[in-house]
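Heads up: the structure comes next, in structure tokens.
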Amino acid sequence: MEYRKFAEKAIEEIKAESPSYKNCEMLSWMYAVRKHCTEKLDRETAVEWVHGMENADGTTGPHWTMTETRALLEHRGGGVDPLAFWAAMNATYSDLGPLFKKYGIDTPGAYADFACAFWLHDKDAVEDKLAAYYAGAARH
């Protein structure tokens, strides 16, 4: 996530300066750098993101610990990065928890299936959809 963090810091610094053609040009370059970084979501960034989540149910932070999601992942047969699975499970809960409850699918298995299908195995998404979402859409 090093390049993304560099780009994000540069974006904030440029935004703080007075508007000029040069600053607008640099800002567009930094947005492009941030968008096209293909690094994976690293542990430090994932922990920071998940612990900062403002969940739709009014809580904050992770709903599941890494230990809990790792056990669920092992029970399901693995096949994905445990850190990415933890972040995907918590991102799914964060945004969709009340919806899952409304439709009676508020089970760890349902969250796991959705997390894998939407976040980790989306065939027509960019590589490492979680990292791309964190960089481009998540507030941080």
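The values are calculated or read from the model by the stated rules, or taken from the named source; none is laboratory data. Keep in mind that what you see is a predicted model, and the values were worked out from it rather than measured. Neighbour counts are summed over all protein chains in view; Cβ atoms, including those assigned to glycine, are modelled from backbone coordinates with ideal geometry. Keep in mind that these areas ignore ligands, DNA and RNA; they rest on the heavy atoms of the full protein, side chains included. Shrake-Rupley method; radii C 1.70, N 1.55, O 1.52, S 1.80 Å.
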Inset, instruction - For region 106-140, enumerate the residues that are open to solvent by 40 Å² or more (accessible area, probe 1.4 Å), assigned to a loop (DSSP other than H, G, I, E, B) and modelled with pLDDT under 90. - result: Val126, Glu127, Ala137, Arg139, His140
Legend entry - Index of the failed condition, Arg43 passing every other in (1) surrounded by 17 or more Cβ atoms within 10 Å (Cβ to Cβ); (2) under 30 Å from Ala16 (Cα atoms): (1)
Legend entry - Entirely in region 14-101, the helices (runs of 4 or more DSSP H) that have 2 or more residues that are β-branched (Val, Ile, Thr), over 14 Å from the mean Cα position of the chain (by Cα) and more than 17 Å from Arg139 (Cα to Cα): 66-76
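Looking at the structure I just gave you, is Met66 crowded, with 18+ Cβ neighbours inside 10 Å, over 13 Å from Ala7 (Cα atoms), in contact with a Ser or Thr (Cβ under 8 Å, 6 or more places away or on another chain) and modelled with pLDDT of 90 or more?
So Met66 does not fit the description; no.
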Inset, instruction - Return only the number of the condition from (1) open to solvent by 40 Å² or more (accessible area, probe 1.4 Å); (2) in contact with a Cys (Cβ under 9 Å, 6 or more places away or on another chain) that Ala88 does not satisfy. - result: (1)
